[in-house]
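Worksheet: the structure to be examined is printed underneath.
Quick note: the coordinates plus some simple rules give every number you see, no bench work behind them. Note that the structure is a prediction, hence the values are computed from the model and not measured. Cβ coordinates were reconstructed from backbone atoms using ideal geometry, including for glycine residues, and neighbour counts include every protein chain displayed.
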Amino acid sequence: MSRFFFHASCTLLLLVGYALPAGGQHLPDGAEDWYLDTSDGVDLYVVEFGAATAPGDTVVVLHGGWGAEQSYLWPAVEPLASRYHFVFYDQRGSLRSPAPDSTVSLQRFVSDLEDLRSELGQERLTIFAHSMGSRLAYAYLRRHPGHVRRLALAGPLVPTGFDGGDKQKMRKARKQFVQWAEKREKAEVAEEGLDRESLSDRDSLSDREATADWRIGFAAGNIYHVERWRRMEGGRAFYNGDIAGLINQNTPDRLQANQFETLQTSEVPVRVIIGDHDLVDFGLVSWPAVADALENVEMTPLQNAGHNAWIDRLGTFNDALRRALRSSKE
């Protein structure tokens, strides 16, 4: 089941202090990559591409995880690169940004984002966050409210401290999600001829076929159109499952508590884009109530879309993201 929850769950690289070369990977057209030297000496891998004509058109992107990396999000924003300048980075401890375990904490993540803001010369940040990246966005807004222009959140986690939802309905929705994902996974595995029960030898899948089987399972929880599983990127070596545990271990509870209050006391515009089959709020039983309770939050639901909604509804997702990022010129 862990593959279902890659982007919303929580082998740390041992090359601490050594900047891994980016050579050989395919970057988006016109992209530039570099390393941010943070205030404690950890190098964070950065990629930026696109155009910007006003301060609000530079968008810092926060990937999910904890422990994922940035490249799975490139396709989500590339159609908007002629209008916005996107800045991605691997959070510390993630793929290309190795860091000592003791430095992996939410407060350090916030400090890293502040270091990036300073390096970019942006007085205020426009932030696009996916999945667990929303937790970092909430924490940064709490610590640096004057340095945030707006938040665009895709598949975000419901802010901690919100008690206006129907808990029984939420528990039921989580069970329904698991059943829904498992059923679709089983059907797609059979469609691809990878169903072990139909094989004479239950161990007869080749490594290539076993990888395809894994990717179908990964897709089943993250996208509505599971038949598009070949488009799912990330997971496996691109995911460090230790990061969530390290953050919980190294972060004081007070820094993770009551994110709802942070949003409630802020005037920063918050725009939420979420599929109706998203694993973080399957069936949309929580986010509509959050949006109703907060004046600065607007929600755009996407029908027949999952956690990586751009794979399901690229055009609709891009239209929603364009509206979410829209700001007055300065």
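Close Lys pairs in the chain (alpha-carbon distance under 19 Å; sequence gap of 8 or more, or different chains): 4. The HN-Hα couplings worked out from phi for the range 221-227 by the Karplus form 6.51 cos²θ - 1.76 cosθ + 1.60 (θ = phi - 60°) are x, 10, 9, 6, 8, 4, 5 Hz, whole numbers, x standing for Gly and Pro. Here the 3J(HN,Hα) profile of the range 91-107, calculated from phi with Karplus coefficients 6.51, -1.76 and 1.60 at θ = phi - 60°, is 5, 4, x, 8, 2, 9, 10, x, 8, x, 3, 5, 9, 8, 8, 5, 5 Hz, Gly and Pro shown as x. Dipole of the range 69-146 computed with +1 at Lys/Arg Cβ and -1 at Asp/Glu Cβ about the Cα centre; of P79, S97, F128, farthest Cα towards the positive end is F128. Think of each Lys and Arg Cβ as +1 and each Asp and Glu Cβ as -1; about the Cα centre, that makes the dipole of the range 105-252 roughly 880 debye. In the chain, a dipole from Cβ-located charges (positive for Lys and Arg, negative for Asp and Glu) runs towards its positive end, and of T300, P156, V110 it is T300 whose Cα lies farthest in that direction.
Derived value for the range 206-330: Kirkwood hydrodynamic radius 17.0 Å. Basis is the mean of 1/r over every pair of different alpha-carbon atoms.
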